[in-house]
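First up is the structure itself, then whatever we jot down about it.
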């Protein structure tokens, strides 16, 4: 295998962290597949702020971004992305064009990545493929009112982190939560 695409749609775009030494070139903005994304992940790393996750139930189709891995071994590329994301390797989705192997939380999402790679020269594609933990973490089903209530419950440092994340997400990742939270003044911290 020689050509592995890494898909990004959240903080990976503006902060490669440890992955910076394992990629070549820059981000190809909005060149990846359209996938259902929403700010429905309560992030420990972000102090409880809501982060982007592929969410087949509540997500809005949004364009993703692509960067190329320097690794030629799929498992090594998966390992590096998992390390950056501070997650287990089994939460990194992939599709290997050479043998058809894939791993994805959602069957619909897996098909989106499979269809996308067929129109590219990449041999494989990897992406962060965790699940929304909103219900498990907050006790409420994800909705705009429930997300608002969660954001309002955060302390000031966590609210600032939530606002920073919402502002820094790629512009075309335009979900209902982002639209309402950035235009409404209901959770200003300054």
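Some observations on this one:
- Scattering profile of segment 4-183 at q = 0.19 Å⁻¹ [log10 I(q)/I(0), Debye over alpha-carbon scatterers]: -1.29
- Full extension of the chain segment joining residue 180 with residue 114 gains 20.6 nm, where the gain is 0.36 nm per residue of separation less the Cα-Cα distance.
- Helix 74-85 and the long axis of the chain differ in direction by around 20°, with both axes built from C-alpha atoms.
- Helix 107-118 and the longest principal axis of the Cα set of the chain meet at an angle near 50°.
- Peptides 2-13, 132-143 ranked from most to least packed by the mean count of surrounding Cβ atoms within 10 Å: 2-13, 132-143.
- Between 0 and 90°, nearest 10: helix 156-168 axis offset from the chain longest Cα axis: 50 degrees
- Choice from 152, 177, 166 with maximal GNM fluctuation in the chain (Cα, 10 Å cutoff): 152
- Relative contact order (%) - criterion: Cα under 8 Å, at least six apart; region: the chain: 30 percent
- Residues residue 34 and residue 72, FRET efficiency given R0 of 41 Å [Cβ-Cβ distance, rounded to 0.05]: 0.90
- Estimated from helical segments only, the mean residue ellipticity of the chain at 222 nm is -9500 deg cm²/dmol, where each DSSP H run of four or more residues counts as -39500 (n - 2.57).
- Taking 0.36 nm per residue of separation and subtracting the current Cα-Cα distance, fully stretching the chain between residue 17 and residue 89 would add 24.2 nm.
All of the numbers you see were taken from the coordinates with simple rules; none came from a lab. Values in this document were obtained by computation on a predicted structure and should not be read as measured data. Neighbour counts are summed over all protein chains in view; Cβ atoms, including those assigned to glycine, are modelled from backbone coordinates with ideal geometry.
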